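Taking it in order: structure first as structure tokens, then the write-up.
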Amino acid sequence: MNSEQRQQIRLILADALLRAEKDIREKVRHLHTDHAAKGCLNSGATLKRHVEIFDTVGQSYVSSTLDAIADVSMEIEAFAIYEEGHMQLSTMMMRNLKDDKIYGVCTAGNPNSAVASAINLQFLSVEGHLKRLKDLRRFSFTRPEPIEMARYGLSEKRSALIPKNEVTKNKGGRPAAEHWDEMWATIATLLYEGDLNPKRQADIEKAMMDWLESNGHSAADSTVRKRARLLWQRLDVAEN
């Protein structure tokens, strides 16, 4: 990555953070107006909606910023810069959560109430959800350095999921790496929805092989094992 790309990514993150905070405040204001009119402002329903607002805005931030960053660079360093922005997102959300407009309404001014504890727990749940979304996207940012791509004749639009030592020319049909993107998306969805709960690396290898076979693709065991090992190692780090 060059300095211009780094600067562009940081500008993307800064703009997205400002828009996310504005969105949260507007949604909270509308929520309070609506619930006050309905006479249910100091209620569990208001607390639930606050959590939904933070989760929805957070998901939008993760998705939109990573999509925009991917258009700039798919190198590992690009994701590392995003990580800084993700931390700023969490800080901003916590700051807004502690605002009297939320805490004061939901806790009736008592920060030691059971409701306050519930808010904190719900926020931790939102943070965990957004972290999982972020970590699942991490696997896409594995593009080699540009000099390595040129060495193998790859353009910037080719997928990053082809290992450096396995680049081959496509012999027809869809682009060689496209089905790997589809496979990663499927595996990510299975993990997120809880349909895949790997206890060991072999469970991930099987899931990948099953997808490849059911979609008319084939790959060497060693090729699948490398990708499964990468995912297993990342999951192990995330859990610990």
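Couple of notes before you dig in:
- Sorting 181-191, 28-38 by average packing, meaning the other beta carbons within 10 Å per residue, from highest down gives 181-191, 28-38.
- Cα gyration tensor of segment 1-41 - equivalent ellipsoid semi-axes, whole Å, descending: 38, 5, 4
- Accessible area per residue for segment 192-240, computed on protein heavy atoms with a 1.4 Å probe, is 65 Å².
- Listed residues 211, 232 arranged by accessible area, highest first, probe 1.4 Å: 232, 211
The values are calculated or read from the model by the stated rules, or taken from the named source; none is laboratory data. Keep in mind the model is a prediction, meaning the values are calculated, not measured. When we count neighbours, we look across all protein chains shown, and the Cβ atoms used for this are built from the backbone with ideal geometry, even at glycine. We work out accessible area using only protein heavy atoms, side chains counted, and drop any ligands, DNA or RNA first. Shrake-Rupley method; radii C 1.70, N 1.55, O 1.52, S 1.80 Å.
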